[in-house]
Amino acid sequence: MSNEKRDSWGSRSQFILASIGSAVGLGNAWRFPGLAAKHGGGAFLLVYLLAMLVIGIPFLMMEISIGRKMHRGVPGALRAIKKPTEAVGWFAVSNAFVISVYYAVVFAWVIMMAFASFKFAGLTGDCDSASGLWASLIKTTGTTSGYRTISLPVLGCLVVAWVLIYACIRNGPNTVGKVVKYTVFLPVVCLLILAIKGMLMPGAVAGLTKFFVPDFSSLASADIWIDAIGQVFYSLSIMMAIMVAYGSFLDEKSNIATDSIIIAFSDFAISVLSGIVLFTTMSGTGQLENMTASGIGTAFIVYPQSIVLLTNNGVANAIFAFVFYFCLCTLAIDSAFSIIEGVSTAIADKFHLSHKKTTLVLCIIASVLSLWFITGAGLAWLDIVDNWCNAYSLILVGVFEAITIGWLFDPKKVLKEVNRNTTSFKMPGWWFVISIKFFAPIALTGFFIWNIVTLIKSGGVYGAADGYSVAANIIGGWLVLGLCMFSGFIVKIVEKCAAKKGYKPDEDVWEDTAE
Ligand code: PHE
C-alpha cells in the first residue's frame, strides 16, 4: 500500500456523526414519511426495518470495511480486490457525481424556502397561495421545455449552497469532522420542536395511528417491499461511493460492526421522528390525505398548506415555516457534501492529486452543470435524472458490488475486517455472507427488473403524462446512465494518457490481515 500520509477522522465520534449526517438527509424528512403514508403506516415501518437488517446493514459494513482496509475510495478499493472491478467503482463515483449536481439544486430550494418563509406570515389560511409559492419562486414550466428562463432567487441560493458545500469539505475529513457536530444535532432539535407542536394539535392521535398502526393488508403488494428496499439503500447512502470514502479515513482501531449498527439505527430513528412531525402536523391541519409518496410534492406543495393552517397567527406560522425549512437545510447539507467528498476522494486517490484542489475543481464543474436544473425546464429534468440515477444506476452499482464481493472475492475476508477490533458485538457470519452473496444481489436485481417493467408498462416514456419529452428521457435518462456505466473506460483512457507523462497506477492488492 502506498504510504503517503492520508487524512483521517479526528475521533470515532467524528466518523459516526459524519456517516449519520450523510445518511440522514432529505430522504428521511420527506421520502420516508411519504412512503409510510402510501404503504399502510406501521406496515411500511416493519418492512423497512426488516430490509435494513437483512440487506442494508451488511452492505453498509461491507462498504466501510473495504474503504478502511485499502485506504482508498471505491474504485481503488475494488481494484485492489479484483482489478477489472475498478470499473464498478467508477460507475458508483460518476453516478454519485450526477446526484450531487441535482441534490445541490434541491438544497438550494430549501435554502430559498427558508428565506421566503416570512411570506407565510401574510397567507394565514390561504392554502392555494401557499401550495403555489414554491413553484412560482422556481419559475418552473413543469415540462422539459423552457430552458431559456432562470430563476434569480434560486440562482442566489444555489451559489450559497455550493459555497457552503465547498467550505465544509475543503479540507476533507478535517473540516467535515468539525461541521457535522452541528449539522447532525441541529435538525434533531428542529424536528423535536416541530414534533412537539404537531403532537399538541387536535388531530395528532389520528396522525400517529395512521403512521404507527400497521395495515397488514399492504404487505401483500410487491410495491411495499420494492419501496422499502429502495429507501433503505438511498437512506443509508450506500452504493454512492460515500461510505467507502468515509471508511478510508478510518484508522485500524475502528470498530466497524458496532459503528454501522449505530449509524443505521440513528438514521432510522430520525426517519421515524420526521414521520411523527409530518403525520401529526398534516393530520392536525386536515391535510393527511394529501400526503404524497413524492418527497418534493410533500415538502414544497403539501406541507406549505399545513403551515398556513397551523395557527391563526401569521407570524407564528412564518416562524414554524422557517424552523421547518431551516431543518431541511441542516439535513441536506451533510448529505450534499458527503457525496462530493466520495467523488473527490476517488479521483484524488486514483491520480495522486491534491484532495483539496480536486474538491475545488469538482465543486466548480458540478455547480456549473447544476445551472441546467434551475431553468424553467429544470424541475422536469431533475425528476428524470433523479429517476434514472435511483431506479437504475444505483441499483446496478449495488448488484455489481455485491457480485464482486460475494462471488468474485470472498465475503468472509471482508467479514473478518468488519469484526476486527470488535470486542462487544460481532457481525455473525451467516447474516453477512448470505446477505452479500444472495439477498442483496437478488433483491436489487428484482428491484431493477421491476423498475424497467413499470416503465415499459407505462408506455416507455417517463413522465409522458406531465409533458416530459422522449428526447429528455434519452438524454437525461439513458445517456447519463450509459456514460456513468462506462465511465471506467473513460478513466482507462485518461490513465493511458497520463501514463505517457510518467503516471503510475497503484498496484496494491488486498492482503489478509493476520489474526
Ligand atoms: N441518505 C441521503 C438522504 O436520505 C441520500 C443522499 C446522500 C443523497 C448523499 C445525496 C447525497 O437524503
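Values quoted throughout were computed directly from the atomic coordinates according to the rules given, and no laboratory measurement underlies them. Owing to the predicted nature of the structure, the values given are computational and were not obtained by experimental measurement. Here Cβ is always computed from backbone atoms with ideal geometry, including for glycine, and neighbour counts include all displayed protein chains.
Determine the distance separating the Cα centre of region 154-176 from the Cα centre of region 4-71; give it in Å without decimals.
22 Å
As a test of the formula, what do you get for the chain when each DSSP H run with n ≥ 4 contributes -39,500 (n - 2.57) and the sum is divided by the residue count, at 222 nm and rounded to the nearest 500 deg cm²/dmol?
Helices in the chain give a 222 nm mean residue ellipticity of -21000 deg cm²/dmol.
Translational diffusion coefficient of the chain at 20 °C, 1.002 mPa s, Stokes-Einstein with Kirkwood Rh over Cα pairs, in µm²/s as a whole number. Could the numbers behind the result be given before it?
Working: Rh = 23.1 Å.
This corresponds to a translational diffusion coefficient of 93 µm²/s.
May I have the extent of the alpha carbons of region 160-285 along their three principal axes, as whole Å values ordered from largest to smallest?
47, 34, 28
Pull out a ≥ b ≥ c, the square roots of the eigenvalues of the alpha-carbon gyration tensor of region 117-184, then state rounded if a/c is under 1.5, prolate if not and a/b is larger than b/c, and oblate in the remaining case. Before the final figure, lay out the partial values.
Values: a/c = 3.51, a/b = 1.66, b/c = 2.11.
In terms of gyration-tensor shape, oblate.
Residue by residue through region 110-119, which ³J(HN,Hα) values in whole Hz follow from phi under the Karplus form 6.51 cos²θ - 1.76 cosθ + 1.60 (θ = phi - 60°), with glycine and proline marked x?
So the J values, rounded to whole Hz, are 5, 4, 4, 5, 5, 5, 7, 5, 4, 4.
Take every Cα pair under 8 Å in the chain that's 6+ residues apart, average their separations, divide by the length, and report that relative contact order as a whole percent. Display every interim value, and only then the final one.
Working: 868 pairs, mean separation 169.8, N = 515.
Reported relative contact order: 33 percent.
Two decimals, Cα atoms only, Kirkwood Rh: what is Rg/Rh over region 299-409? It would help to have the intermediate numbers written out before the result.
On the way: Rg = 19.7 Å, Rh = 17.8 Å.
Rg divided by Rh gives 1.11.
Which residue, chosen from W430, A228, P304, occupies the Cα position most advanced towards the positive end of the dipole of the chain, where the dipole is computed from +1 (Lys, Arg) and -1 (Asp, Glu) charges on Cβ about the Cα centre?
W430
Name every cysteine in the chain that ends up alone, with no second cysteine's Cβ under 4.7 Å, or say none.
Here C127, C157, C168, C329, C363, C389, C484, C497 come out as lacking a disulfide-compatible partner, given the Cβ-Cβ threshold of under 4.7 Å.
Report the net charge of residues surrounding T298, where surrounding means a beta-carbon distance below 14 angstrom and charges are Lys +1, Arg +1, Asp -1, Glu -1.
Numbers: positive: R31, K38; negative: E289.
Charge balance near T298 sits at +1.
Give the separation of the Cα centroids, region 389-444 to region 210-245, in Å.
17 Å
Just want to confirm a number: the relative contact order over region 75-189, from Cα pairs under 8 angstrom separated by 6+ residues, in percent. Please report the intermediate quantities before stating the final value.
On the way: 54 pairs, mean separation 25.1, N = 115.
RCO, region 75-189: 22 percent.
Based on the Cα gyration tensor of region 433-497, what are the three equivalent ellipsoid semi-axes, each the root of five times an eigenvalue, rounded to whole Å and given largest first? Mind dumping the intermediate values first?
Working: eigenvalues 147, 120, 7 Å².
The answer is 27, 24, 6 Å, longest axis first.
For region 257-321, what Kirkwood radius comes out of the mean inverse Cα-Cα distance, in Å? Don't jump to the answer; show the numbers that get you there.
Details: mean 1/r = 0.0757 Å⁻¹.
Result for region 257-321, one decimal place: 13.2 Å.
Using a/c under 1.5 as the rounded threshold, could you call region 101-237 rounded, prolate or oblate? The axes a ≥ b ≥ c are square roots of the C-alpha gyration tensor eigenvalues, and prolate needs a/b larger than b/c, oblate otherwise. Can you show the working numbers first?
Values: a/c = 1.44, a/b = 1.21, b/c = 1.19.
Note, shape of region 101-237 comes out rounded.
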